[in-house]
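Just below is one structure, and these are the notes that go with it.
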Amino acid sequence: MFRPASGRGLVRRYYLYRATIAVGFITPIFTLFLLRTLTFTQVGALSAIYASLSVVGEIPTGYVGDRLGRRASLLLSVLFTVVSLAGFVLASGFRWYGFLYALWALALTLRSGSMDAWLYDTLTERLDSEQFSRIRGRGDAVQKWTAAVSMVAGGLLYGLHPTYPFVAAVGFNSLGFFALLSLPKNRQYADRGSDSRSADRLDPLETVSVIRTYLARPPLRALVLYIGLFYAVLGVSHTYIQPMVVETLGPYAAAIGVQVPAGVPTAAARVGEAGAALALGLGVLYAALTAVASAGGYYAGAVEDRLGVRRAVVVVPALTAVALVGPLWLALVVLPTFTTMRTAKPLVQPIVNGYINDHVESVGRATLLSAVSMLHMILRTPLALAAGMVADATTATTAVAALGGLFLVAGGAVWLFGEIAPETVAASGDGASKSAS
């Protein structure tokens, strides 16, 4: 169907795939969409459902990626994403939303380990695995640039009707099927033919052994715990960006003539109200933040070269946690806080995943990366529930500040008692030979 691509052509096709998984149309208005009929506690419960199901699904879906092939896993991910987005157009209410969150969780778990495993193995086979952080980070940047453009459109569409951004997202994300079909299978899946006893395949007991071997001891143990807590705090915090905008910036917007919904800004944030001008403003704000944040992924390789793995993965999360606390005392600090929140993960994730890939054999790589995501979701579940209750009792801004403070305490303890990303010899057998400087 598609001609074989050169090395550069293959990277361009990977970037095209990353563009098609952007969900910019719904990002700036998603929480407000839910808050039309739900409370903060119910929104937190949905996030907890998503996290819990991700915990259950990460290992099986990582196993699917290692067993059936990474591209097959990614194709299934696109299918479940599109079905979930379509569901938000057709259904409403907490129970239906819970079902759609389950589909979304399944889609994300099918992608979480397989996407990076496919890229790392493809670079090892065809180019250079040491380019992983750079190419993966630039893929993040492409995804964010695409999201930034569609975010403005999403805010405008929400002002016309709340379901229109989801309709647009269904059409756009469906393009992921064609992008994926243009990508080759990893060599071990393309060449194994009908041999069901291929040495490149793990059985379930071997899968458990791989996870225990790599994650329960140095050099990955402290790193995975520290970064998993950071991803959990950041993931829950992102839920509250939209209500934080209304709470902190609503009075300033009203002062310059922007129409703010009736009632105090906090009340408007709680019920999910957003006039057309405010919805469009959210889209523009998200687009601007995402465009700035794309620098995080684009320069991940340069930051790794400059700081080294250890300092990058320790310092960036710590500074982000400090930024989460700031808006509690000074409302206008919320803009650099949002920028930091949006930049931190795409900056750190390619570095972390590259370090993990360097210290894991090729067999079971997708499963292990899925296990890392599973830990993040285990930690996210109680945080989502607690943050929802805090937000209902106080404000969304207070809930996010509490999450930042929690990371500073708990992450500091992990740093104090564990060695995060020590310099070690990389795993052999897959072409990786660099140390984690």
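For A393 and S174, the FRET efficiency from 1/(1 + (r/R0)^6), where r spans their Cβ atoms and R0 equals 51 Å, is about 0.80.
Using the average count of surrounding beta-carbon atoms within 10 Å as a protection proxy, the listed peptides 407-413, 111-117 rank, highest first, as 111-117, 407-413. Taking each residue as 0.36 nm, the span from R306 to A318 lengthens on full extension beyond its C-alpha to C-alpha distance by 2.5 nm.
Rounded to the nearest whole Hz, the Karplus-based 3J(HN,Hα) values (6.51 cos²θ - 1.76 cosθ + 1.60, θ = phi - 60°) of region 145-154 follow the sequence 4, 4, 4, 4, 5, 6, 5, 4, 5, x, with x at glycine and proline. Computed from phi, the 3J(HN,Hα) profile of region 403-419 under the Karplus parametrisation 6.51, -1.76, 1.60 (θ = phi - 60°) reads 5, x, x, 4, 5, 4, 6, 6, x, x, 5, 4, 5, 6, 9, x, 9 Hz, with x in place of Gly and Pro.
Using the Cα centre of region 91-135 as origin and beta-carbon charges of +1 (Lys, Arg) and -1 (Asp, Glu), tell me which of S133, L110, L123 is placed farthest towards the positive end of the dipole. Going by the Cα projections, it comes out as L110.
How many percent of the accessible area of region 1-185 is carbon or sulfur, using a 1.4 Å probe?
67
Listed values for region 303-317 are Karplus-derived 3J(HN,Hα) couplings in whole Hz (6.51 cos²θ - 1.76 cosθ + 1.60, θ = phi - 60°), namely 5, 4, 5, 6, 9, x, 4, 4, 5, 5, 7, 8, 6, 4, x, and x replaces Gly and Pro. Report note on the peptides 163-171, 311-319: ranked by the mean count of other C-beta atoms within 10 Å, highest first, their order is 163-171, 311-319.
Starting from the Cα gyration tensor of region 1-185, take the square roots of the eigenvalues, sort them a ≥ b ≥ c, and report rounded, prolate or oblate (rounded when a/c is under 1.5, otherwise prolate if a/b is larger than b/c, else oblate).
Because a/c hits 1.5 or more and a/b exceeds b/c, region 1-185 counts as prolate.
Normalised per residue, the accessible area of region 1-185 is 38 Å², obtained with a 1.4 Å probe and no contribution from ligands, DNA or RNA. Rolling a 1.4 Å probe over the protein chains gives L108 an accessible area of about 40 Å².
Placing unit charges on the Cβ atoms of the charged side chains and taking the dipole of region 1-185 about its Cα centre, the candidate lying farthest along the positive direction among L32, L181, G98 is L181. Within the accessible area of region 287-341, the carbon and sulfur atoms contribute 70%, probe 1.4 Å, all protein chains present.
The values are calculated or read from the model by the stated rules, or taken from the named source; none is laboratory data. Here the structure is a predicted model, which means the values were calculated and not measured. Please note: Cβ atoms are built from the backbone with ideal geometry, for glycine as well, and neighbour counts cover all protein chains shown. Heavy atoms of the whole protein, side chains included, go into the accessibility calculation; ligands, DNA and RNA do not. Shrake-Rupley method; radii C 1.70, N 1.55, O 1.52, S 1.80 Å.
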